[in-house]
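Step one of this worksheet: look at the structure below.
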């Protein structure tokens, strides 16, 4: 039975689709994972997260990946399914154009993320990027991606494909037949390759500096913790704090009177008490047997003046107010409060440091995945430039491997939400809460 050219091409496409079924399923799985994951990222970061420079850039990355999953991957599946009879030149140009825009926009956004991480980690006290500046930079990066992508519209199109049958050529989405014999594809791909190399160098330099700074900060914090532990142990052995909560009124009077005599008779003996000002008219009195020196930090009242006035008041109002609070107890309470506040501050600093480190790790992993996922694609692209008929002679597993390699960059669009889910605690909590709420409503 004689078959028309269209029927022949359809049969050849069906056979090729069965051969490329692993690659088709692979891209299909990435598409589903990317649609679900990036959809969640966009929804949660827009509705649940506070606006911030990092969050805005993550939203841009997710939007770019979502566009790839929604437009690029389905068209690539169609390209593999109709390998010999891809008829729509418009769809072909749109596919390549959208994929290139999303790839370049993602790469430029990753550079902005790396710069923002560098400023926050290595120059925390310098000028930081504002929300308005971040939005402006992201918009500029998108326009730059469009500018570098428009040549794809001219270069890509329908290419004739050998079928092995005389006078019967198929049609595939690739470099257009119009571009045969010209150097435009080579020049354009060389420009993209140089951009990729330069961006990779920028990533390496910035994240190397960030890593060194984080490592240095960690070493400093570890030394500080050890120093605090040693100092605290030494102070507890050498100093004794006077808290007279359980002492009688007579005991209070005796202690204060003894200190007055010691302070007054300065020519005979120096006092063995230290006074630390903790607020208005409040002192913390410490006896330090190892170092018998008197210290007055505030300069408002000396120890003799404070304790002398306190003794006089005590003698005058002993009968009228026998339960007068002790200044030393109040000072001790204030000191405890200061210690608690200092502890809380240290905990907040450590928590913020951990969050910054986690954010940096997320940005670094996303960048690594981006760079690694593009290497096979770039290798196959340049090989095909120098050997234009290379892919037309592939069969079987080598053909499947080739189609996987030229679409390796799709991994980037599907893996990013997984990285956020594992490492971004706020995102993972929001996802769990959303699913828990939906299941409780369904139940």
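With respect to residue 139, determine if the residue is without any contact (Cβ under 8 Å) to a residue 12 or more places away in the chain and assigned to a helix (DSSP H, G or I).
Details: without any contact (Cβ under 8 Å) to a residue 12 or more places away in the chain: yes; assigned to a helix (DSSP H, G or I): yes.
Yes, satisfied.
Residue check: is residue 51 surrounded by fewer than 20 Cβ atoms within 10 Å (Cβ to Cβ), under 19 Å from residue 117 (Cα atoms) and either in contact with a helix residue (DSSP H, G or I) (Cβ under 9 Å, 6 or more places away or on another chain) or at pLDDT 90 or above (or both)?
yes
Quick one: in the stretch 161-174, of everything that is more than 10 Å from residue 93 (Cα to Cα) and surrounded by 13 or more Cβ atoms within 10 Å (Cβ to Cβ), which residue is nearest to the chain's Cα centre (by Cα)?
Step by step, filter the stretch 161-174, then rank; the result is 172.
For a quick check of your reading of the model, give me the residue pairs whose first member lies in the stretch 394-410 and is within 14 Å of residue 374 (Cβ to Cβ), whose second is modelled with pLDDT under 85, with beta-carbon atoms closer than 8 Å and at least 6 apart or on different chains.
406/381
Among the residues of the stretch 103-128, count how many are in contact with a helix residue (DSSP H, G or I) (Cβ under 7 Å, 6 or more places away or on another chain) and not in a helix (DSSP H, G or I).
The total comes to 2.
Looking only at the stretch 117-135, decide whether some residue is surrounded by 18 or more Cβ atoms within 10 Å (Cβ to Cβ), under 24 Å from residue 201 (Cβ atoms) and without any contact (Cβ under 8 Å) to a residue 60 or more places away in the chain.
Checked the stretch 117-135: no residue is surrounded by 18 or more Cβ atoms within 10 Å (Cβ to Cβ), under 24 Å from residue 201 (Cβ atoms) and without any contact (Cβ under 8 Å) to a residue 60 or more places away in the chain.
The values are calculated or read from the model by the stated rules, or taken from the named source; none is laboratory data. All figures in this text were calculated on a predicted structure; none of them were measured in a lab. As a convention, Cβ positions derive from the backbone with ideal geometry for all residues, glycine included, and neighbour counts pool all protein chains shown.
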